[in-house]
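Encoded as structure tokens, the structure appears first; notes follow it.
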Amino acid sequence: VDNLLLRAGLSAEQISEARRSSDGDLAASIEKVSGLSQARFAALLAERAGLPFVADIDDDALQPQVLEPLTIGYCRRNRILPINANEERVSVATSDPLAPGPFDDLRALYGLDIDPIVVPAPALAQGIDRAFDRAATLSADVIDEIAEADAFILDAGPLEVPDLLEADDEAPIIRLVNSLLFKAAKDRASDIHIEPYERNSSVRMRIDGMLVEMLAPDRRIHAAMVSRIKIMAG
């Protein structure tokens with residue numbers, strides 16, 4: 001990276017100062033010390049790594065379902081954002097293409113090859129917020145839909161554990177559990193309580209120390225919800 005910055009016109013003193021004052025954000029520190037924009041720095045990193053560069057994240061390309069295994073905190077810490085996926089590959093935006101660890105994690109998580117795309121750090125941070133906001137909104141819509149009428153789950157018939165292992169990601173019970181987890185992450189809930197009663201189950205989240213009921217689905221889907229969570233937990 002230092003040689004890259006030297007070729008971009010920075011002095012050795014500027015590079016040293018940027019590293020000393022970076023506080024974990026080298027791109028912002030370089031911009032402050034030398035005036036080299038974070039967009040230009042990202043483009044240089046992309047060129048160095050032989051990867052494509054884009055100035056911003058296309059919201060229309062985002063597939064909220066690819067975020068289901070991740071948290072917004074993980075994406076922020078590792079400066080990555082999975083954008084979309086097909087049967088073989090996952091496209092991942094990053095502002096730090098020279099750090100292999102997160103790509104190895106995602107490759108193991110998805111079981112697919114990773115296609116990195118380099119994005120300036122500010123654009124990535126904003127894209128992460130927009131992507132998780134969108135996913136949370138979609139999740140809230142699913143929860144509202146179920147709260148109004150959970151018949152669409154019951155109509156599918158009872159789901160046993162073997163069914164859940166083979167179920168498509170669009171299966172209603174899987175959509176429900178994923179939506180609840182997104183909602184919990186978005187609202188910064190510390191825990192989720194799923195309790196069975198005679199006619200209904202109660203799904204509550206602890207937010208700011210208080211338990212708030214989010215959903216009271218039909219009692220008959222309680223076992224399927226719990227089984228799905230156990231499967232996700234391994």
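What follows is calculated from the coordinates using simple rules that are stated; it is not laboratory data. All of these numbers come straight from a predicted model, not from anything done at the bench. Cβ: placed from backbone, ideal geometry, glycine included. Neighbour counts: every protein chain shown.
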First measure r as the distance between the Cβ atoms of residue 198 and residue 229, then evaluate 1/(1 + (r/R0)^6) with R0 = 30 Å and state the FRET efficiency to the nearest 0.05. 0.85
Sort the following peptides by mean Cβ neighbour count (other Cβ atoms within 10 Å, averaged over residues), highest first: 93-99, 6-12. 93-99, 6-12
What nm distance separates the two modelled labels at residue 8 and residue 190, each placed 7 Å from Cα along Cα→Cβ? 4.2
Residue 19-residue 51 FRET efficiency (beta carbon distance; Förster radius 22 Å; 0.05 resolution): 0.45
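Summarise the long-distance tail of P(r) for region 5-60 by giving the % of C-alpha pairs beyond 13 Å.
Working: 936 of 1540 pairs.
Distances greater than 13 Å cover 61 percent of the Cα pairs.
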Calc'd 3J(HN,Hα), region 27-36, phi into Karplus 6.51 cos²θ - 1.76 cosθ + 1.60 (θ = phi - 60°), Hz, glycine/Pro = x, comes to 4, 5, 5, 4, 4, 5, 7, 10, x, 5
Distant-in-sequence amide H partners of residue 90 (H built 1.01 Å from N, under 5 Å): 113, 114, 115
